[in-house]
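The structure under discussion appears below in the form of structure tokens.
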Amino acid sequence: MLIRATFSNLYSFDKAQTISFVAGKGRTLHHHMVRRKSRNEPSLLKAAIVYGANAAGKSNIVKCFDLAQKFIVKGSHIDEQILRVPFRLRKDADKEPSLFEFELELDGEMYAYKLVFDDSVILEESLIRIYPTTERTLFVRKWSWSEQKPHFVFGDSFSSKEESQRFQFIAQNTRSNQPFLTETVESNSDRYRSIYDWFKYGLVIIYPEAIYRRLGAALQTGGKITSIYENFFRDLGLGIAGIKEVTIKQENILKELPPELVNDLKQRLKNGTHTTFAGPDKTRYRIAKNSNGDLELYKITIAHEIAGTSEQISFDLKDESDGTVRLIDLIPALADVCEHERLYVIDELDRSMHAQLTRTFLEYFFSCSTSRSQILATTHELDLLDLELLRKDEIWFVEKDRNAASNLYSLEDFKPRYDKDIRRGYLQGRFGGIPIIHNRGKLGWGA
């Protein structure tokens, strides 16, 4: 689980900003917390919902997580620039390092992992094991400008002299632009694998335009995800019975897809494999290549109930609302968090969806997710500003200061009464994070 994430000099964040899943003192919605095991360990929250005006920096939170994931999981090639975007609205910020730090709780153990880097060099990297009353540095790496190389110090307790020498060797062969954490995994060591695996498997990022590319495979196997689709749509009362595949006849494949795309897929797919992709007008397809090398095409459709009967009729996704299509790509996240420990970082959770759909999505998450699943989502949806749905410490705001730098803070920092209308207070600007529009008269809106 994520405890805290801190970023600085990245995108619209200048000074270090932290988003935290550490529970505050609130006593409501206890099922939103994972209880601490001892007095010295934090109770952790399952959600962080971030509000802010357009261009305030909400999406940049998602980009920071995305950058960290790609940097750690994929590493860097020889002489490759580190693809950071430093803060642009302060002179010489591009000459200063960027930072991200993650505090994680994995299998009952807590860690802090930090990277400090510029465009070409990792200046500092460290992994710390956190105990209830103390901490121990497992490794720290610092760049020496005079020697033009990193220095490593290990505080880890290796099992043998040979293992210690092995890690010294890995350190000596780690490129200046490559995370040591990544290098240990690529060198077939599992010693710090749990931290690497959290970034690779435990962190899932969903942008507004993202599509669920494993949908076709999931529908084939049925099970949990098919059941969640059916239950979710039924509970919403939309007249939708579920989601299914329709086979496209061989003679109609070229009517559905451009010939050049079909030829490309035929060359790229291996026999016995398949892939899901987005076609024109919101359509989704699964295309498979059988053992004979022939292509098989399936269109993903929505099954609607015919009123007063038990019959169903299939609708193409192009005939569905944007909100329904968005749900198709988001609902697999619910299937996942119901069974696995994940952090889903979702940009614009409410994109194209009615307020009630967005609220129902979160209610379903809190009711079905495992106790260690988490969601971090950005939104404009005011209906979620409800202390019967979210705790104060789960509601966050991002706002730009006078220097156009984004700042993060929680509703927990304020002291609204529990019976206070949070939505009204937000719109009145009590908590910040809303657009400030000057000279409305010039816009023709009146004084």
Study note, to complete from the structure: Of the residues in segment 85-101, those that are closer than 22 Å to residue 183 by Cβ and open to solvent by 20 Å² or more (accessible area, probe 1.4 Å) number 3
Exercise for review: Working only within segment 123-174, note down all residues that are out of contact with any Leu (no Cβ under 7 Å at 6 or more places or on another chain), among the hydrophobic types (A, V, I, L, M, F, W, C) and surrounded by 14 or more Cβ atoms within 10 Å (Cβ to Cβ).
Suggested key: 123, 130, 140, 152, 154, 158, 167, 170, 171
Check your understanding: Where residues in segment 23-75 are among the aromatic types (Phe, Trp, Tyr) and modelled with pLDDT of 95 or more, which of them is farthest from residue 370 (Cα to Cα)?
Key -> 71
Check your understanding: In segment 62-84, which residue that is part of a helix (DSSP H, G or I) and open to solvent by 40 Å² or more (accessible area, probe 1.4 Å) is nearest to residue 7 (Cα to Cα)?
Key -> 63
Review point. Between a first residue in segment 133-159 that is within 22 Å of residue 177 (Cβ to Cβ) and a second residue that is assigned to a loop (DSSP other than H, G, I, E, B) and charged (D, E, K, R), which pairs have beta carbons less than 9 Å apart while being 6 or more apart in sequence or on different chains?
Key: 138/156; 138/191; 139/156
Check your understanding: Across segment 300-341, what is the total count of residues that are of a type outside the set (Gly, Ala, Ser), outside any helix (DSSP H, G or I), touching a residue at least 40 places away in the same chain (Cβ under 8 Å) and open to solvent by 70 Å² or more (accessible area, probe 1.4 Å)?
Key -> 3
Study note, to complete from the structure: Selection over segment 12-60 where residues are surrounded by fewer than 22 Cβ atoms within 10 Å (Cβ to Cβ) and of a type in the set (Phe, Trp, Tyr) yields a count of 0
Point to revise | Selection count, segment 159-172, where residues are at pLDDT 90 or above, under 22 Å from residue 111 (Cβ atoms) and over 33 Å from the mean Cα position of the chain (by Cα) | key: 4
Review point. Can you pull out the residues in segment 358-385 that are open to solvent by 30 Å² or more (accessible area, probe 1.4 Å) and either among the aromatic types (Phe, Trp, Tyr) or farther than 23 Å from residue 3 by Cα (or both)?
Key: 359, 364, 380, 381, 382, 383
Review point. For segment 342-357, does any single residue satisfy the condition of being more than 16 Å from residue 57 (Cβ to Cβ), crowded, with 17+ Cβ neighbours inside 10 Å and among the acidic types (Asp, Glu)?
Key: yes
Revision key, fill the gap. Within segment 244-272, restricting to residues that are at pLDDT below 90 and in a strand (DSSP E or B), the one that is surrounded by the fewest Cβ atoms within 10 Å (Cβ to Cβ) is 246
Revision key, fill the gap. Selection from segment 102-134 of residues part of a strand (DSSP E or B) and among the charged types (D, E, K, R) yields 103, 105, 109, 114, 124, 125, 129
Practice item. Filter segment 185-200 down to residues that are more than 17 Å from residue 111 (Cα to Cα) and in contact (Cβ under 8 Å) with a residue 12 or more places away in the chain, then give me how many there are. Key: 3
Practice item. Of the numbered conditions (1) surrounded by 15 or more Cβ atoms within 10 Å (Cβ to Cβ); (2) at positive phi, residue 179 fails exactly one; give the number of that condition. Key: (2)
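The values are calculated or read from the model by the stated rules, or taken from the named source; none is laboratory data. Every value quoted in this text rests on a predicted model; they were computed, and no experiment measured them. Don't worry about glycine lacking a Cβ; one is built from the backbone with ideal geometry, like all the others, and counts go over all protein chains shown. The area values use the complete protein model at the heavy-atom level, side chains included, leaving out ligands, DNA and RNA. Shrake-Rupley method; radii C 1.70, N 1.55, O 1.52, S 1.80 Å.
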